Amino acid sequence: MGTENELKDLIIPDHVAIIMDGNGRWAKKRGLPRTFGHRQGCTVVERTVEDAARIGLKYLTVYAFSTENWKRSEDEVGALMQLFRYYMVRLLDVAVKNNVRVKMIGDRRRFPEDIIAGIDRLENDTKEATGLTFVIAVNYGGRDEIRRAAIKFAEDVKAGRREASEEFSEDDFSEYLDTAHMPYPDLLIRTSGELRLSNFLLWQLAYSEIYITDLYWPDFNRDELINAIKAYNKRNRRFGGV
Ligand code: IPE
Ligand code: IPE
Ligand code: MG
């Protein structure tokens, strides 16, 4: 168990985003079906939300299901849907206990109706919380998000609510993204050693610091979160300046 002391001299990033990868490999290493990895991964999500809230992050965003993950077997996708159903209920509990506001990004319209209702409820029942904002990316793709934002913008222009002029800024555009009103991630963590973005937050990660760990997501823990924050503290963010 870590102490407050070890955090004392660290700058805590406002927003940490995580690509939770490696559930399947974690299970395979143990001779278990991939879905066991997903189940263990959900437990680690709960713990990480609590750790993030205690450490004092303002935003934690996790990548739970991509627009490309529908390509997986019917069995695996079905098992993931079942896990969402189950963990949305548990998460409500964790969120309420820890003063956490939950938000989902991604295109939820593709999910079964009961899951959409569960997402709406989770957001609604936690919207007054003042602690950590926990953002879950489900049926999320960075390209898809930008495409949907462009459609919303075009609709506003057509309806006369917006003008498509040079005055329309990057900040104006970002308000059409699912992450409207959220700060961009300061730090991106990817587990299981892969060196790619896999279509996560393409617009928002433009200047984020990146930390890759070889741990599989089900083995991720508070110590590794602190290691990532320590590494972040050694970075020199320049945003294109000098
Ligand atoms: C991440 O683990 C969870 C999801 C993408 C839903 P994976 O399922 O991608 O696990 P690996 O990468 O195959 O080990
Ligand atoms: C990224 O992991 C998506 C999530 C963690 C939800 P993937 O396992 O889908 O990414 P690739 O296929 O290795 O790029
Ligand atoms: Mg993977």
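Would you mind checking which residues have amide H under 5 Å from residue 104's amide H? H placed 1.01 Å from N; only 5 or more apart, or other chain.
136
Which of rounded, prolate or oblate describes the range 105-242 when judged by the alpha-carbon gyration tensor and an a/c cut-off of 1.5?
Verdict is oblate for the range 105-242.
Sorting 103, 97 on the 10 Å Cβ count, fewest up front, what's the list?
Working: 103 20, 97 10.
So the ranking, lowest neighbour count to highest, is 97, 103.
Under the definition of Cα pairs under 8 Å and six or more residues apart, what whole-number percent is the relative contact order of the range 61-191?
29
Compare the Cα positions of 169, 130, 119 along the charge dipole of the chain (+1 at Cβ of Lys, Arg; -1 at Cβ of Asp, Glu; about the Cα centre) and return the one farthest towards the positive end.
119
In whole percent, what relative contact order does the chain give with Cα contacts below 8 Å and a gap of six or more residues?
Dividing the mean separation by the residue count of the chain yields 27 percent.
Among 203, 217, 70, rank each residue by its count of other Cβ atoms within 10 Å, from fewest to most, as a rough exposure measure.
70, 203, 217
Residue 18's amide H: which non-local residues (gap 5+, or another chain) put their own amide H closer than 5 Å, with H modeled 1.01 Å from N in plane and none for Pro or chain starts?
It is 61, 62, 63, 189, by chain and number.
Would you pull out the residues with amide H under 5 Å of residue 209's amide H, same chain only if 5 or more places away, H placed 1.01 Å from N?
187, 188
Ranked by Cβ crowding within 10 angstrom, fewest neighbours first, how are 43, 191, 126 ordered?
Working: 43 12, 191 25, 126 21.
Taking fewest neighbouring Cβ atoms as first place, the list is 43, 126, 191.
First check a/c for the range 15-104, with a ≥ b ≥ c the square roots of the eigenvalues of its C-alpha gyration tensor; if it is under 1.5, answer rounded, and if not, answer prolate when a/b is larger than b/c or oblate otherwise.
Prolate is the answer for the range 15-104, as a/c is 1.5 or above and a/b outweighs b/c.
Given the rule -39500 (n - 2.57) for each run of at least 4 DSSP H residues, summed and divided by the residues of the chain, what is its mean residue ellipticity at 222 nm, to the nearest 500 deg cm²/dmol?
-14000 deg cm²/dmol
According to a simple spin-label model (label point 7 Å from Cα along Cα-to-Cβ), what is the distance in nm between residue 157 and residue 6?
Between residue 6 and residue 157, the label points sit 5.1 nm apart.
Pick from 38, 181, 15 the residue whose mean-square fluctuation is largest in a GNM of the chain, springs joining Cα atoms under 10 Å.
For the chain, modelled as a Gaussian network with Cα springs under 10 Å, the answer is 181.
Rounded, prolate or oblate: which one fits the range 134-214, using the alpha carbon gyration tensor with axes a ≥ b ≥ c (rounded when a/c is under 1.5, else prolate when a/b beats b/c, else oblate)?
prolate
Over 23 Å between Cα atoms, which of 29/234; 103/234; 58/127; 8/127 qualify? The partial results should precede the final answer.
Working: 29/234 33 Å; 103/234 30 Å; 58/127 14 Å; 8/127 30 Å.
Long pairs (Cα-Cα over 23 Å): 29/234; 103/234; 8/127.
Can you work out the Karplus-derived ³J(HN,Hα) for every residue in the range 225-242? Use 6.51 cos²θ - 1.76 cosθ + 1.60 with θ = phi - 60°, whole Hz, and x for glycine or proline.
Values, residue by residue: 4, 5, 4, 5, 5, 5, 4, 4, 5, 8, 7, 10, 7, 10, 6, x, x, 10 Hz.
Residue by residue, what Karplus-based ³J(HN,Hα) values in Hz, rounded to whole numbers, does the range 148-163 have, using 6.51, -1.76 and 1.60 with θ = phi - 60° and x for Gly and Pro?
5, 5, 5, 5, 4, 5, 4, 5, 5, 5, 4, 7, x, 7, 9, 10
Less than 11 Å Cβ to Cβ from residue 196, Lys/Arg counted +1 and Asp/Glu -1: what total charge do the surrounding residues give? Working shown, then result.
Details: positive: 190; negative: 21, 194.
In short, -1.
So which aspartates and glutamates can residue 152 reach, going by Cα to Cα under 16 Å and dropping same-chain residues fewer than 8 places off?
Of all the aspartates and glutamates, those that pass the test against residue 152 - Cα under 16 Å, at least 8 places apart if same chain - are 107, 144, 163, 170, 171, 172, 175, 178.
Please build a GNM for the chain, connecting alpha carbons under 10 Å apart, and tell me which residue among 82, 204, 40 fluctuates the most.
Residue with maximal mean-square fluctuation among 82, 204, 40: 82.
Bear in mind these aren't lab numbers, they're just calculated from the coordinates by the rules spelled out. These figures come from a predicted structure and were not determined experimentally. For neighbour counting, all protein chains shown are included, and Cβ atoms are generated from backbone atoms with ideal geometry for every residue, glycine included.
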